[in-house]
Amino acid sequence: MPSPSDRPRANVIYAATATAVIVAVFTLGYRMAGWSWGDAFYMVIITVFSVGFGEVMPVDDPWLRAWTIAMIIFGCTGTIFITGTLVQWLTQAQIERALGGKRMENEIEKLSNHAIICGCGRIGRMIARQLEAGRIPFVIVDRSQERVAEAKECGWLTLQGEATDEAFLRTAGIARARVLATVLPDDAANVFITLSARNMNPSIQIIARGEVPATERKLLQAGADKVVLPAHIGADRIAYLILHPNAREILGEKTKDRLAFEHHLDELGLDVEEIEIGPGSPWLQRTIGEVESEAAGRFLVVAIVRKEGGTDVNPGPKATLLPGDALVVMKRAARG
């Protein structure tokens, strides 16, 4: 049973199918009367769609006239039906879009002491699920139509638009909000949103995401109360596992702890990679400071597994990579 929103679309399909059947049946009837396929099809098309250029061949046989009258009745009815269903489908879609947007804005206007989430990527969805579980009202602002549609299916209040635009922050009720979380994967956008939010509501709590460690200071200067670096969260967890007595087993085997940890990293959009420093490696005899400087934030060094044994966790910038060492790094996960 189609839902009310699917009925206009189903009606269009029914009307198109019925019209196609009418065209096929009456074309076959003229063909049986001795007309060619081309003449028969042309006659049916100009009649069904009420063009009326004239008869292709004389229609003087009583049976053929009756057949033509039937075609006019059924054909014109089918054309009216398909036209009406198309108009209904398009009109209802526009009305639902307008009413849905207005209803969403009305619900947002009723909120106070709520949270605003700028960005509905992996981290934004994680935050939304946690807030929903904690029964804290929130609004999501994202420019992606696809992500906004997915959020609406979850029953979340959403606004489609650029979170860097103060108009959308105002519509999201920033003057009444308690906290704003800007978790876009773009540091520049997060800094701009933080500046705008702080100017629009000096008392609001702002939690910002940073991709590159150097952005943390900029976000704090822009007015963020807390800055979260997803890569550092994962790196701290890895360092803990390495320092744990069973770190090797946890990192090397598909244990329950490791699977849970990998799922956590995946939600953050992070991945762990071990890079062997061979004789031809460009990083051979280079310091960690030089390696991270060349990486320009693409990854974060977590540890060095030394060839002669032992592991340097969170190595300093002067630590040097030697032949046979393995570099454990945290980086953004590749997406297909």
Asp186 meets each of (1) within 21 Å of the chain's Cα centre (by Cα); (2) surrounded by 16 or more Cβ atoms within 10 Å (Cβ to Cβ); (3) not aliphatic (A, V, I, L, M) with one exception, condition (2)
Within region 39-60, residues at pLDDT 80 or above and more than 24 Å from Ile82 (Cα to Cα) come out as Asp39
Of those in region 312-322 that are modelled with pLDDT of 85 or more and of a type outside the set (A, V, I, L, M), the residue surrounded by the most Cβ atoms within 10 Å (Cβ to Cβ) is Thr320
Review point. Hey, any hits in region 171-186 for a residue that's part of a helix (DSSP H, G or I), at pLDDT below 95 and more than 14 Å from Ala222 (Cα to Cα)?
Key: yes
In region 281-311, residues that are at pLDDT below 80 and either part of a loop (DSSP other than H, G, I, E, B) or basic (Lys, Arg) (or both) total 7
In region 146-164, anything under 13 Å from Ile193 (Cα atoms) and either of a type in the set (Ser, Thr, Tyr) or exposed (fewer than 15 other Cβ atoms within 10 Å of the Cβ) (or both) is listed as Thr164
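The values are calculated or read from the model by the stated rules, or taken from the named source; none is laboratory data. This one's a predicted model, so the numbers in the text were calculated from it and none came from an experiment. So basically every Cβ, Gly included, is an ideal-geometry build from the backbone, and we count neighbours across all protein chains shown.
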